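Participant: The structure follows.
Where a number appears in this text, it was derived from the coordinates with a stated rule and is not lab data. Keep in mind that this is a model prediction, so the values were computed, not measured.
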Amino acid sequence: MKQIEFKKAVLVLIVLFSFVLAGICGVFSSRTIAQDNKEISLNKVQGTVLSIKIGASARGAIEVKSAKTGKTYTFRVGKNTTYYPRRYPSFGETVRVSYINHRGELKATLVEIMESLR
């Protein structure tokens, strides 16, 4: 009886160890992808505002061209987006955008205006 329980315990430990190992490998592989992207951080982009479209319901989009890679990003903005200073950015201003990837759509959580045109 004890030998059967020991075999089950070893099997459970092996399965648990393989899940932990797979999780660690998954974390490191996502970090190498983020490093290949060469942005300022994992979920931050700094660049120039190309366009901003905000409707009456405060939902819209900001298009930003990255200063590091030259890639153009379109971020959805809405009621949960925070702006610092507390105003919308203008065309041509330098901004830093913190975002989340929600179902394949980039949603801005924080828009910091770094360099103002005023």
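Participant: Can you give me the P(r) profile for the stretch 44-115? Cα pairs, bins 5 angstrom wide beginning at 0, each as a whole percent.
Facilitator: 4, 19, 32, 29, 13, 3, 0
Participant: Can you work out ³J(HN,Hα) from phi for every residue in the stretch 75-90, in order, using Karplus 6.51 cos²θ - 1.76 cosθ + 1.60 and θ = phi - 60°, giving whole Hz and x for Gly and Pro?
Facilitator: Coupling constants for the stretch 75-90: 10, 7, 10, x, 5, 8, 7, 9, 10, 9, x, 6, 7, 6, x, 9 Hz.
Participant: Something else now. Roughly speaking, what is the stretch gain from Ala56 to Arg103, that is 0.36 nm per residue apart minus the C-alpha to C-alpha distance, in nm to one decimal? Provide the component values of the computation, followed by the final result.
Facilitator: Details: separation 47, 0.36 × 47 = 16.92 nm, distance 2.44 nm.
This chain segment gains 14.5 nm when fully extended.
Participant: May I ask you to list the lysines whose Cα is less than 19 Å away from that of Lys38, ignoring any residue fewer than eight positions away on the same chain?
Facilitator: Lys65, Lys68, Lys71
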